[in-house]
Each structure stands twice: as structure tokens, then as C-alpha cells.
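Participant: Provided herewith is a single structure, encoded as C-alpha cells, for subsequent inquiry.
The values are calculated or read from the model by the stated rules, or taken from the named source; none is laboratory data. Note that this is a predicted model, so its numbers are computed, not measured. Cβ coordinates were reconstructed from backbone atoms using ideal geometry, including for glycine residues, and neighbour counts include every protein chain displayed. These area figures cover heavy atoms from the full protein model, side chains too; ligands, DNA and RNA do not enter into them. Shrake-Rupley method; radii C 1.70, N 1.55, O 1.52, S 1.80 Å.
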Amino acid sequence: MKKLLVFIIGVMIVMSLNACKKEEQSKENTTEKIAETTTEKMVTTEPEPYLGENVEYLTYEEHTIVHVTENLVQGILGDLYYDSGSLILKEGSLTGTYTSPIINTKTFDELVGSWNAITPGKSNIELKIQVRQNNEWSQWFTYGRWGFGKYNGSISNQQDDIARMSIDTIKLKNSLGADAFKYQISLTRKKAEDESPQLKLVAATMKFTNDVIETIDLTELNWKTDIEVPVHSQMIVPTIGNIICSPTSLTMLLNYYGIDYTPSETAAKAKDIGANIYGNWSYNVAVAGALDLEGYVSRLSSIDELKLLIAKGNPVAVSVTVKDSSQLDGLPLKSDGESVMTYPGGHLLVVRGFKEVDGIDYVIVNDPAARSDDKVNRLYKLDQFANIWKHYVYVVKEKTINN
């Protein structure tokens, strides 16, 4: 009887211990679930920087490809991540590189790259582009290291069997053209504790070998308008006045968007010390991007595309070439008497609108080659203008994406 009593007591103790053990396990499981829930809430409220989702290739038919926000991280990221509208360096990294997917396009024989970046301190960025012809890739063509307000220079003598770099334009060497490109962009800073450069936009525009002009319905759009763009004459700027049409045109656009720059200040920021010029297209639009605007080089197929930009309220800087004064009536006068300016080597001016006078269509421009500010605003016959513009433009506007 005594042995039976001891056995029963022992069983009760074991059962009690097992019950305690199960209760502890239940508490542990509950604690783990609470911890998991808390962690999930933390991840939801404090997300990690976006690292992107890789794709192998993209296909486009437009002249101009503009990559912003998540488009900037579809390729391969090295020591970079996307956060708050920009690609930036990872903590502790001095250099990071992003390589885009292969971008398939219509066949083209020219390409111009551009970018928008913030480059604090001694930081900089560098854009490189490869083009593909007959399944063979060219070398990487570089635009040189660039930083806002720094000594920036394009790199000369870049060429291989496929293409060559002409300051800001990659030109194919034969009639076969290229059918794809990819770009690589590097961000660099001097010290790990320095603020990172921020890449906000990369663009590429192409001159298609067999361009097709798309029909644009403008009937419901107000393109016969005049956008009040501030005027500046390049010719009144001492010493460099006759060679700063590009930064002067850009200055007029900057002023329109409320940025108080003079042609001299813009020229200093846009200068290409490698080629010793102020007309590097990529460097000029990079200035706009560094001043919190969206700026890139684009190529338009037709005057209708230009009208469309005006109808949307976007004045643009346009490249023209005038070899003989008979090509364009109303050109500015030279300083020597009554002879007029011509632009055989190319010229930039601002298109600000269109109008009709006595049954004739005119384009309204700010031509910085005028001898004084009061003569900058001019009218050129649209049919003549259509024959002398080179289709390349600076698109400068307020940011479409709020970072």
C-alpha cells in the first residue's frame, strides 16, 4: 500500500512538471510570434533602401530615353542603392557603379547622353556608353568625370572600329548604324565620411538612320502662343561673348524657371575644359539638373514635336546651322555695319512660341546673338527655320517626379 502511494505521488509530480514545460513552451511560442510581429511592423515602417529588380534588356522606339526613379536600377548595382529619388553610394563606399540593361532600339547613327546629378564637395559622376553593331559591342565611350562647378573636361581621341566620340556625340563610323546601347555610370567621393553624390536622371537621345515622322494631332492644343522667356544677349558679355550661345540660351531657360543666373555664371559652370568650349550639350543640361530642374538633350523628328512642347508650356533651346544669310530672314546684325550674323558652325537659341502674321507662320525665338538684350526677341519665318534647325534641343523643365 505504501509503495502504491509513492508511485501515485511520483506520477502526479511528473504530470505537473510536463504541464509546466508545456506552459513555458507556449509562452516561448507566444513571445516569438510577438517578436516576429514587431519585426514585421519595423520593416513596414522603416523600409530598406530600394536595390532594384534586374532585367536583361529593354526595348524602345522613341528618340529619347529618360531614366528616372526606379528605371535607374533595372541593371546591375555595385555599392549603390536607390533612395528618395536618387542613386547614392552605400555607407563607407568611395565608388559605386550602375550598369544598365541592354537597351534595344531602332537603328541609329548618332547618340547623345546626358544626366542630372548633385555632386557635393569633391564628389563626381561619370557616364560611359557602349553601342552595338552587328552583335559586336564598341568600347566604352566616356563623358569624363563631372561635378557641378568643377573643372570638367570631355575626353578626346575616343574611337574604335565601330564608332567615335565627338565631344558629346557618339557617331557610328559606317552606314550600318547601331541597334542597341547600354550605359554605365559611376559615383565617386574622396572620403567615406563625405556626403555621397546623387544621381537623379540619365538620358540618351538618338538620330535614327531611317526616321519616321509621326503624325501629331495639334488641333486641340494652343501652340500659337508666346511664352514669356527672359532675354539675354551673349554679345554683351566681355571676352567670351561670341562663343557662349549655348550657356546663354540655357540661362534664359533657367531664368524662366526662377533661377537667377547670368550668362557668365552659367558659362563658368558649363565649360568643357577638355575641348575648351562652352557648347558641350551634355554639360549644359547637367547644369540645369544640378540646379534642381530636369534637363536633358533630346532629338525631335518634326516641327510638330516642337509645337507640342510649346503647347505644354516648355520653351526649349534649339540647335541651328545657318551657312548663308539667305537661308533665314531677319538674322541679327553684326557690329560692322549692316551685314548679318550667320552660324555655319552651329548656334543655340530659344524657341518660345509660334504666331501667324498676314497669313505667314513664324517661330518666336530669343536669339542670343543679337547685339543687345532688347533685340534678342525675334521672329523667323517657320518654313525657313524648319530647314536650318538640326533637331537637337535642350529640354529643361520643372521636375516631373518629386524626390
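Participant: Give me a comma-separated list of calculated 3J(HN,Hα) values for region 50-60, in order, Karplus coefficients 6.51, -1.76, 1.60 applied at θ = phi - 60°, integers in Hz, x for any Gly or Pro.
Facilitator: With the stated coefficients, region 50-60 comes to 6, 9, x, 10, 5, 10, 7, 8, 10, 10, 9 Hz.
Participant: Starting from the Cα-Cα distance between Thr321 and Asn135, subtract it from 0.36 nm times their residue separation and give me the gain in nm to one decimal.
Facilitator: Length difference between fully extended and current span is 63.5 nm.
Participant: Could you give me the ³J(HN,Hα) list for region 176-188, computed from phi with Karplus coefficients 6.51, -1.76, 1.60 and θ = phi - 60°, whole Hz, x at Gly and Pro?
Facilitator: So the Karplus estimates, Gly and Pro as x, are 6, x, 10, 10, 6, 8, 9, 10, 10, 10, 10, 10, 9 Hz.
Participant: May I pose another question? Any chance you could look up the accessible area of Ser339 with a 1.4 Å probe, heavy atoms only, rounded to 10 Å²?
Facilitator: 50 Å²
Participant: Relative contact order (percent) for the chain, with alpha-carbon contacts under 8 angstrom and 6 or more residues of separation?
Facilitator: After rounding, I find 16 percent.
Participant: May I ask for the net charge around Pro368, where only other residues with Cβ less than 14 Å from the Cβ of Pro368 are counted and Lys, Arg are +1 while Asp, Glu are -1? Don't jump to the answer; show the numbers that get you there.
Facilitator: Numbers: positive: Arg352, Arg371, Lys375, Arg378; negative: Asp367, Asp373, Asp374.
Neighbour charge sum, excluding Pro368 itself: +1.
Participant: Is there a pair in Lys128/Lys269; Lys312/Lys355; Lys173/Lys269; Lys271/Lys307; Lys182/Lys323; Lys90/Lys397 whose C-alpha atoms are over 26 Å apart, and which pairs would that be?
Facilitator: Lys173/Lys269; Lys271/Lys307; Lys182/Lys323; Lys90/Lys397, as the Cα separations exceed 26 Å there.
Participant: Among the aspartates and glutamates, which fall within straight-line cross-link reach of Lys381, defined as a Cα-Cα distance under 17 Å, with same-chain neighbours fewer than 8 residues apart omitted?
Facilitator: Asp226, Asp304, Asp324, Asp329, Glu356, Asp358, Asp361, Asp367
Participant: Debye calculation, C-alpha points only, no solvent: report log10 I(q)/I(0) for the chain at q = 0.06, 0.07, 0.10, 0.11 Å⁻¹, in the same order as the q values.
Facilitator: -0.32, -0.40, -0.71, -0.84
Participant: Compute the signed sum of charges (Lys and Arg +1, Asp and Glu -1) over the other residues within less than 13 Å, Cβ to Cβ, of Gln159.
Facilitator: On the way: positive: Arg164, Lys171, Lys173; negative: Asp160, Asp161.
Taking every Cβ under 13 Å from that of Gln159, the sum is +1.
Participant: Mind listing the phi-derived Karplus ³J(HN,Hα) values for region 372-380, rounded to whole Hz, using 6.51, -1.76 and 1.60 with θ = phi - 60°, and x for any glycine or proline?
Facilitator: With the stated coefficients, region 372-380 comes to 8, 4, 6, 10, 5, 6, 9, 10, 10 Hz.
Participant: Can you put Trp146, Trp223 in order of accessible area, largest first, using a 1.4 Å probe?
Facilitator: Sorted by accessible area, descending: Trp223, Trp146.
Participant: Additional query: With +1 on each Lys and Arg Cβ and -1 on each Asp and Glu Cβ, and nothing else charged, work out how big the dipole of region 44-94 is about its Cα centre, in Debye to the nearest 20.
Facilitator: Using Cβ point charges on Lys, Arg, Asp and Glu, region 44-94 gives about 120 debye.
Participant: Among residues other than Gln130 whose Cβ falls under 11 Å from its Cβ, what is the net charge (Lys/Arg +1, Asp/Glu -1)?
Facilitator: Net charge around Gln130: +1.
Participant: Further, regarding this structure: Carbon and sulfur together cover what percent of the accessible area of the chain at a 1.4 Å probe radius?
Facilitator: The value for the chain is 50 percent carbon and sulfur by accessible area.
Participant: So what does Arg132 come to for accessible area, using a 1.4 Å probe and Å² rounded to 10?
Facilitator: For Arg132, solvent-accessible area is about 40 Å².
Participant: If you take the charge dipole of the chain about its Cα centre, with +1 on Lys and Arg Cβ and -1 on Asp and Glu Cβ, which of Ala386, Ser156, Val229 is farthest toward its positive end?
Facilitator: The Cα lying farthest towards the positive end belongs to Ser156.
Participant: Search the structure for amide H atoms under 5 Å from the amide H of Asn280, placed 1.01 Å from N in the peptide plane, and list their residues when 5 or more places away or on another chain.
Facilitator: Excluding prolines and chain starts, which carry no amide H, the hits are Asp272.
Participant: Related question: Sum -39500 (n - 2.57) across every DSSP H segment of at least 4 residues in the chain, then divide by the residue count to get the 222 nm mean residue ellipticity, nearest 500.
Facilitator: Dividing the helical sum by the residues of the chain leaves -7500 deg cm²/dmol.
Participant: How many Å³ per residue does the convex hull of the Cα positions in region 171-307 occupy?
Facilitator: 190 Å³
Participant: Name the long-range amide H neighbours of His391: under 5 Å, sequence gap of 5 or more, or other chain; modelled H, no Pro or chain starts.
Facilitator: Counting only residues 5 or more places away or on other chains, the set is Ser319.
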